[in-house]
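Each remark here refers to the structure printed beneath this line.
The values are calculated or read from the model by the stated rules, or taken from the named source; none is laboratory data. Source: prediction; values computed, not measured. Please note: Cβ atoms are built from the backbone with ideal geometry, for glycine as well, and neighbour counts cover all protein chains shown.
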Amino acid sequence: MVISQSEYQKLISSAAPSDAATSAESAVTVQTVSNVVLNKKLVKRIWDKKNYCLFCGQPSKTLSRHMLQKHNDEVEVLAVPSRGKSTSERRRMWKSLTNRGNFSHNCKVVSSGTGEVVVAKRSGKGKTVTVFDYVPCPYCQGMYSRYSLYRHKKRCQARPSEKNPQRTGLYLFHALCCITY
Ligand SMILES: [Zn+2]
Ligand SMILES: [Zn+2]
């Protein structure tokens, strides 16, 4: 199955429920933040965000380690460590691999109609969010709420700029290359 970003958006809009009742019954959920709140105060933030591997589709809490261990024969994984530790370029490359893996997972969830959609910025538990509230960023493929995407796009690390023309190539690659699974 092949899905591009525009097809993903079409899929969401065609699957949009006609009324609120259908939305509540939807089997597609959105990942939210799990916090422990006591007396209206945040006492513990649980960092349990899972990301999905671009290569094997498995969820992992330590995705960069997973990819280094299991997919160290992939060209893009091989390319990352050679750039040195903790540089912004290295972080940006991991982010790109992570976002693309999550986007591929989200396409499966939306097309199958069941599962949990991974978003770049999770909203608090208890808030009612549906998959229809989120759209992929055209530069990095991270899922942002419809209302915050414009803010994110302004400072998106994957956004092509005159200083970094190679990102234009990366962006075109993302935009044109359909995700195959
Ligand atoms: Zn994997
Ligand atoms: Zn972005």
Study note, to complete from the structure: Flagged pairs (Cβ under 6 angstrom, 6 or more apart or on separate chains; first in segment 50-71, within 11 Å of residue 105 (Cβ to Cβ); second within 16 Å of ligand 2 (Cβ to nearest atom) and not β-branched (Val, Ile, Thr)) are 51/102; 52/101; 52/102; 53/101; 54/97; 54/100; 54/101
Review point. In segment 51-76, what residues are away from ligand 2 (no atom under 16 Å from the Cβ), touching a Leu at 6+ places or on another chain (Cβ under 9 Å) and outside any loop (DSSP other than H, G, I, E, B)?
Key: 52, 63, 64, 67, 76
Review point. Taking segment 86-103 as the region of interest, how many residues are among the acidic types (Asp, Glu) and either within 18 Å of residue 55 (Cα to Cα) or surrounded by 17 or more Cβ atoms within 10 Å (Cβ to Cβ) (or both)?
Key: 0
Check your understanding: Of the residues in segment 129-181, how many are at pLDDT below 85, away from ligand 1 (no atom under 16 Å from the Cβ) and of a type in the set (Ser, Thr, Tyr)?
Key -> 4
Check your understanding: Looking at (1) out of contact with any helix residue (DSSP H, G or I) (no Cβ under 6 Å at 6 or more places or on another chain); (2) modelled with pLDDT of 85 or more, which is the one condition that is false for residue 117?
Key -> (1)
Check your understanding: Does residue 8 satisfy the condition of being under 27 Å from residue 145 (Cβ atoms), within 15 Å of ligand 1 (Cβ to nearest atom), at pLDDT 65 or above and among the aromatic types (Phe, Trp, Tyr)?
Key -> no
Review point. Just to be sure, is residue 84 of a type in the set (Gly, Ala, Ser), under 18 Å from the mean Cα position of the chain (by Cα) and either closer than 25 Å to residue 134 by Cα or at pLDDT below 75 (or both)?
Key: no
